[in-house]
Amino acid sequence: MSDDTQEKPTSGRKPLSLRRNETGAVKQSFSHGRTKTVVVEKKRRAVAPGAAKPTTTTAAPKAGAKPAAKPAAKPAAKAAPGGRAAPARDAAAKKGKVLRQLSDAEKKARQAALANAKKAQAEKAKREEAERKEREQREAEERARLDAARKAAEEEERKRAEEAEARRKAEEEARKALEAEEAERKRRQELKAKGITDAAKDTASKRDEARSNFAKDENNPLSALGGRIKQKRNQPNADNRNAKEAPKRRSGRLTIAKALDDDERQRSLASVKRAREREKAMRAKRGNQASQQTREVIVPDVITVADLAQRMAMRSTDLIKELMKQGQMVTGNATLDADTAQIIVEDMGHTVKRVSEADVEDGLIAENADDAKLEGRPPVVTIMGHVDHGKTSLLDALRNADVVSGEAGGITQHIGAYQVTDAKKNKITFLDTPGHAAFTAMRARGANVTDIVIVVVAADDSVMPQTEEAISHAKAAGVPMIIAVNKVDKPGVDPMKVKTDLLQYEVQVESMGGEVQDLDVSALKKIGLTELLEAITLQAELLELKANANRPAYGSVVEAQLDKGRGAVATLLVQEGTLKRGDIVVVGSEWGKVRALNNDLGKQVKEAVPAQPIEILGLNGVPEPGDQFAVVESEARAREVAEYRQRQKREKANAQKSGTSLEQMMAQLQDAEIKDLPVVIKGDVQGSVEAIVGSLDKMATDEVRVRVLHTGVGAISESDVILAEASGAPVIGFNVRANKQAREHAEKSGTEIRYYSVIYDLIDDIKGTLSGMLDPELRETFLGNAEILETFMVSKVGRVAGCRVTEGMVKRGSKVRLLRDNVVIHEGELSQLKRFKDDVQEVPAGQECGMSFANYDDLKVGDFIECFDVERIERTLD
């Protein structure tokens, strides 16, 4: 055993320590030159003074064995004679022993960690303070807005109360005046019934005179209407003496007044009623003129009668009366269009302010106020062309990437956005579009948001249909083109042929005296890539592309998808402004708060500048590719705009389904006769789903068509399978898979789930299914004619015709027509064909035979029999 690892005293006296074991290492040797080092531990047992010192040593067990337990007994400490040991222990206890100290590197690391923690805490406090101030500012603005609205409502309520109180007082005064008049009239009638004396008459005449004066009073509300009592007309020749006149013959109509010989003429009850109605109408008119105020009434596109009356501060019944006078029989819940509401409001003396639901989008994307803030931005370049002409390979060569290897079927089926930096540190944004015929909408979107279009043409394939389409998109968008002739490294290719073929599409390149730039490139050999970047930079300088980065961002949606772990993910192309993390954006009919920004390399960034493709997370749904996005100031505005756009989308979809015109009804009748193939489509990105639906719609004919029940982005769920089961439709998954619940439900219900990763495989399968749904084409093949010479009646067989074949041949089991005077009177099957007494399969021309029809006996001499075969030919979609 070696004691190299034991502590050795540095002085004559061993230092104090709590360690009671010693370790060492032993090297063991084995056969075949193998060795092993074993750690040996020597433990010392503490014993009381005067006890025998243990001499045994304990070796450490081998690897895997548990160490022996330490002795539990502790030695009893006794004081040394003379008291010398106690001071030594006290000194050792005061001095102590440093077991381990921190190194300089550890101290620096701890200090750096502490500094970083303090810095992070300070930044967090600063950020929280900024958020708190912003939140307090928003709350203060919201409170101010609510206070202003509350004050306006209180002022409006106070004005309405004052108007109501004024109307009530006026009605109360008029009611009291009418009650006083009615009481006076009743009293006078009672006196008249009792028979008053002359003195009473004089008193009554005085009272009538006072009443007449009261009626002529200007303050009397009835004075304007002629008073309550009509005055007796003054007759110039009247004799006021009481002498009796000679009796006269009564003339005219006998009335109660004449019968009672009443000199005072009173108004009739109907006249009094009419006067009251006129007085009430004039009083209401005076009250309305006094209390009516001119208001500014906000009129939307559609408004109810009750809402319009409330905005004009009038009762619904009064507005309904006005509308009935104009010939409109409406109720309080009836809706009025904006034009009708405007006419009514103007007739009532108010002013109109027309608004529309579309006004919520006003100011969503503000214009640049200051041109001085415009700065240069990178160009946006879209690569277009026919399928398999090397567009993605060319972009991979520029980016030093390998995107094409990950594409299913070797073709691009998604629109991609990337950013490349050239040798001069100039940034260029590239959009890669698919070349398949189904992705026309993707190519159109790429051309609409781009500055420069690169049309890639393979030197060994020349101009193809999608090349022509790319040229048309570029011309429609009004952007310059650059022709890149790819695959020039292949032997035997002629790039000049490609440039010559472009002339028939009105594209003349510079090498042939035109204005369109052209370059010969090779993505495989990386030929001409530098020249291509220089051509793009030169074209961008000529365009003088500028944008304002110091404003709210807006742009377009390049692609969108639903990720299982991240939710709705959208790839955006920023056109103006700077998009930052935490901004509230409206993307088409969806909205959300930006939670993360990822660039084309998959790295998180804090902001995105103009002409930069960026991937955002945080939307509440998957938007449509090609939709516009814009940053708004609040979540309320974003939600309002998104709800309006969703409502417009629903109304548009419902309008397409419901038809009331004659043409739409005829179209619905025709649709009822068409065979449908219902399908449910789920894809990985929204652009792929759009391309699939567009391709399936193009397959529709007058007989068959594909009816898409539901489309979506993301994995196939159980609800998709339930929907397909209800309609007996298959579920088509493009680059997506079904979850466990969906698979189990599909197995139980027998619903078919088809997976595809290449779009033309999907289109071919659907086309084959539609072809099977087409009715087969029946084609007749003429065999021959025969003339009936004689007919015979055979028992148990029926009527048999003896015939001579005049043309062609007659076969058993073929179809026949019976012609009489060149008119077809029967069409059926030939049941028997005999020659003499033998059954034969066929009879050639010039020979005689016997024939009988199946279930038909009306055969006559001179009739002709036409024999033919019917061939069923399966039809396919073109």
Picking from Lys767, Lys796, Lys740, which residue would you name as being closer than 30 Å to Gly683 by Cβ, without any contact (Cβ under 8 Å) to a residue 12 or more places away in the chain and not aromatic (Phe, Trp, Tyr)? Lys740
Test: residue in region 807-814 that is touching a strand residue (DSSP E or B) at 6+ places or on another chain (Cβ under 8 Å), surrounded by fewer than 15 Cβ atoms within 10 Å (Cβ to Cβ) and on the phi > 0 side of the Ramachandran plot: yes
Could you tell me which of the residues Val330, Val360 is part of a loop (DSSP other than H, G, I, E, B), of a type in the set (A, V, I, L, M) and farther than 24 Å from Ala164 by Cα? Val330
Quick one: in region 299-319, which of the residues that are among the hydrophobic types (A, V, I, L, M, F, W, C), open to solvent by less than 70 Å² (accessible area, probe 1.4 Å) and in a strand (DSSP E or B) is farthest from Asp337 (Cα to Cα)? Val299
Given the criteria of a type in the set (A, V, I, L, M, F, W, C), open to solvent by 10 Å² or more (accessible area, probe 1.4 Å), at pLDDT below 90 and farther than 25 Å from Ser688 by Cβ, does Leu545 qualify? yes
Please find, within region 471-491, the residue that is surrounded by the fewest Cβ atoms within 10 Å (Cβ to Cβ) out of those that are small (Gly, Ala, Ser) and within 20 Å of Val387 (Cα to Cα). Ser472
Picking from Ala470, Ala484, which residue would you name as being touching a Ser or Thr at 6+ places or on another chain (Cβ under 9 Å) and within 22 Å of Gly528 (Cβ to Cβ)? Ala470
Restricting attention to strands (runs of 3 or more DSSP E) lying wholly within region 542-610, give those where 3 or more residues are without any contact (Cβ under 8 Å) to a residue 24 or more places away in the chain and over 22 Å from Lys649 (Cα atoms). 590-598
Could you tell me whether Val456 is part of a loop (DSSP other than H, G, I, E, B), modelled with pLDDT of 75 or more and touching a strand residue (DSSP E or B) at 6+ places or on another chain (Cβ under 8 Å)? no
Pairing a residue in region 317-335 that is free of Cβ contacts under 8 Å to residues at least 12 places away in the same chain and closer than 13 Å to Ile303 by Cα with any residue that is part of a helix (DSSP H, G or I) and among the small types (Gly, Ala, Ser), where Cβ atoms lie under 8 Å and the two sit 6 or more apart in sequence or on different chains, gives none
All-but-one check, Gly582 against (1) on the phi < 0 side of the Ramachandran plot; (2) at pLDDT 90 or above; (3) surrounded by fewer than 22 Cβ atoms within 10 Å (Cβ to Cβ); (4) not aromatic (Phe, Trp, Tyr), failing number (1)
The listed residue being surrounded by 14 or more Cβ atoms within 10 Å (Cβ to Cβ), in contact (Cβ under 8 Å) with a residue 40 or more places away in the chain and touching a strand residue (DSSP E or B) at 6+ places or on another chain (Cβ under 7 Å), out of Glu787, Glu871: Glu787
Does any residue of region 774-782 turn out to be part of a strand (DSSP E or B), acidic (Asp, Glu) and either in contact with a Cys (Cβ under 8 Å, 6 or more places away or on another chain) or closer than 27 Å to Ala700 by Cβ (or both)? yes
For region 134-163, name all the residues that are within 34 Å of the chain's Cα centre (by Cα) and among the basic types (Lys, Arg). Arg135, Arg138, Arg143, Arg145
For Ile759, only one of the following conditions fails: (1) in contact with a His (Cβ under 8 Å, 6 or more places away or on another chain); (2) open to solvent by less than 60 Å² (accessible area, probe 1.4 Å); (3) among the aliphatic types (A, V, I, L, M); (4) closer than 20 Å to Gly621 by Cβ. What is its number? (4)
Counting only residues that are touching a residue at least 40 places away in the same chain (Cβ under 8 Å) and either of a type outside the set (Gly, Ala, Ser) or farther than 17 Å from Gln686 by Cα (or both), region 722-734 contains a total of 9
Of all residues in region 493-529 being open to solvent by 90 Å² or more (accessible area, probe 1.4 Å) and over 41 Å from the mean Cα position of the chain (by Cα), the one that is farthest from Lys580 (Cα to Cα): Lys497
When residues of region 679-712 are limited to those that are farther than 15 Å from Asp765 by Cα, of a type outside the set (A, V, I, L, M) and in a helix (DSSP H, G or I), the one most open to solvent (accessible area, probe 1.4 Å): Glu690
In region 386-425, residue nearest to the chain's Cα centre (by Cα) [restricted to those that are polar (S, T, N, Q) and at pLDDT 55 or above]: Gln419
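The values are calculated or read from the model by the stated rules, or taken from the named source; none is laboratory data. Here the structure is a predicted model, which means the values were calculated and not measured. When we count neighbours, we look across all protein chains shown, and the Cβ atoms used for this are built from the backbone with ideal geometry, even at glycine. Quick note on the areas: whole protein, heavy atoms, side chains included, nothing else; ligands and nucleic acids left out. Shrake-Rupley method; radii C 1.70, N 1.55, O 1.52, S 1.80 Å.
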